[in-house]
Amino acid sequence: MPTFSQILSKPSIFKDRNVLSPHYVPDILPFREEQIEKIMNWVAPALKNERARNIFVYGKTGTGKTASVRHVMKKFEEEKQPACTCYMNCRIYNSRYRVLQKITKDFIPEMDKAGFGVATLYEKILAWISGGSRRLIIVLDEVDMVGDLDELMYTLTRANDDLKHGSLSIIGISNKLDFKNVLDPRSRSSLCETEMVFAPYTPSQLQAILLQRSQMGFGQDAVDESAINLAAAIAAQETGDARYALRLLLKAGEIADEHSLMHISDKEVEDARKNVDSDIAAEIIATLPDQQQLVLYAASALSLSGSKYAKLFAASDDEDGRFLASGEVYEEYTRACKAFKRKKRSSRWYREYLNDLEMLGLITMVESGPGMRGHTRLIKVGYPPLQIKALIEKNFVHGKVMAAEDEDAGGTQEKL
DNA sequence: CCTCCACAGGAAGCGCAGGAGT
DNA sequence: ACTCCTGCGCTTCCTGTGGAGG
């Protein structure tokens with residue numbers, strides 16, 4: 001058994017592991033100078049006591065949207081003015097109510113509790129802005145996750161009409177390129193007052209970024225040039241996602257550490273790739289609500305045991321695409337609920353779960369064409385079903401027994 | 001052709017938790 | 001302490017929709 005000091009003194013390939021983390025915002029963002037300057041120009045009016053423009057930033061994941069905006073916000077806050085910013089990720093603050101609540105919580109400490117109505121929160125925010133003639137900029141990251149976005153936009157834009165002093169501006173960030181088309185025209189025109197697109201990084205840009213970070217994160221020459229090129233190529237093939245590329249590098253480093261290597265070559269990057277893909281899925285799955293896990297579990301279990309329509313698909317199948325019919329997955333889900341002692345949800349809500357899972361990229365769905373009865377969706381799990389099944393089983397066995405008992409108690413109460 | 005099947009997804013509404021107003 | 005009120009997760013009911021089968 002090693003001691004902690006032995007573990008800590010073990011040589012590591014990492015010099016500063018932190019710079020490879022997805023949350024790290026470097027002082028210099030390569031290839032984004034132009035975008036940063038533009039955003040600064042649009043935001044600057046707030047420092048001369050005018051309203052900053054609303055900005056809508058979009059581009060695929062890992063193109064530096066969030067990092068660039070946060071970079072500008074950091075610079076902005078360094079100026080001591082009645083100007084302030086409020087950043088939030090709408091994956092968490094995903095409704096008008098929660099967004100307003102977050103704003104009040106950040107700036108009005110005595111309001112830091114739940115239960116106020118929308119109107120109350122709105123009034124308090126207006127009074128706070130107006131009272132200090134403030135220039136508030138709200139950054140809504142992953143803004144497409146907000147359910148009642150139209151209402152949120154209406155509320156926020158209306159605030160400017162109601163304000164005599166100060167103002168409120170919005171910076172929306174989204175990675176859904178077609179997202180603004182589903183917006184109400186009115187909210188679109190206010191949110192998309194100014195637009196900016198972040199193009200994916202090119203392979204050579206990714207290379208440069210990886211080189212910059214690897215020099216900061218690892219010792220000099222710890223990473224093969226060809227390994228960096230490989231990681232850049234893999235990420236470029238995906239979507240030009242810098243976050244993914246950095247994650248590859250981080251994982252490659254961890255693999256090197258495990259084998260006590262002081263050097264990263266192509267092999268470690270290759271291995272990292274396999275790991276990272278399933279890591280990403282495992283992370284998403286672990287944070288999924290119980291019911292959605294059960295649906296996913298049912299789909300994986302069924303794709304292992306085989307669809308009853310297997311013969312049908314075999315004829316028109318493109319390679320291994322094992323599709324399942326929505327109905328049979330629901331039946332399997334019902335069985336899974338029984339097995340894990342959970343209360344099953346109605347089929348209507350089950351369909352909502354399917355949509356959620358698809359949005360997370362855990363499953364893919366297609367409309368049933370000719371060959372199948374009626375109007376059904378065909379489901380395919382996006383990752384190896386055996387792994388998913390095992391992972392969810394583990395999630396349910398570990399630490400969730402109490403929850404199962406609670407559900408059970410609820411069930412008996414119902415019968416009374 | 002029509003009818004039925006097996007779903008998709010909108011609308012309404014219900015019960016609950018937790019805070020406001022009194 | 002009590003009645004409202006609000007948001008949330010969910011169920012119930014309902015109206016499409018497009019191919020299968022007669």
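At-a-glance table
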item: Surrounding net charge for residue A:359, when Lys and Arg each add one and Asp and Glu each subtract one, Cβ distance under 12 Å; result: -3
item: Violating pairs (Cα-Cα greater than 26 angstrom) within the set A:102/A:343; A:38/A:74; A:343/A:389; result: A:102/A:343
item: Under the Karplus curve 6.51 cos²θ - 1.76 cosθ + 1.60, θ = phi - 60°, whole-Hz ³J(HN,Hα) for segment A:203-215, x wherever Gly or Pro sits; result: x, 6, 5, 4, 4, 4, 5, 4, 5, 4, 6, 5, 5
item: Neighbour cut-off at most 15 other Cβ (10 Å), DSSP loop, GluC sites (Glu not before Pro), segment A:118-197; result: A:193
item: Amide hydrogen neighbours beyond the local backbone of residue A:163, cut-off 5 Å, H modeled; result: none
item: In sequence order, calculated HN-Hα J values of segment A:153-163 (Karplus, 6.51, -1.76, 1.60; Hz; x Gly/Pro); result: 5, 4, 4, 5, 6, 5, 4, 5, 5, 7, 8
item: Chain A: calculated mean residue ellipticity at 222 nm from DSSP helix runs of at least 4, using -39500 (n - 2.57); result: -17000 deg cm²/dmol
item: Loop GluC sites (Glu not before Pro), segment A:57-97, which have at most 12 other Cβ atoms in a 10 Å radius of their Cβ (DSSP); result: A:79
item: Listed residue (A:154, A:246, A:353) projecting farthest to the positive dipole end of chain A, Cβ model; result: A:154
item: Cβ-defined net charge surrounding residue A:295, 15 Å radius [Lys, Arg +1; Asp, Glu -1]; result: +3
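FYI, it's all coordinate maths here, none of it is from the lab. Here the structure is a predicted model, which means the values were calculated and not measured. Using ideal geometry, Cβ is built from the backbone for each residue, glycine included, and neighbour counts are taken over all protein chains shown.
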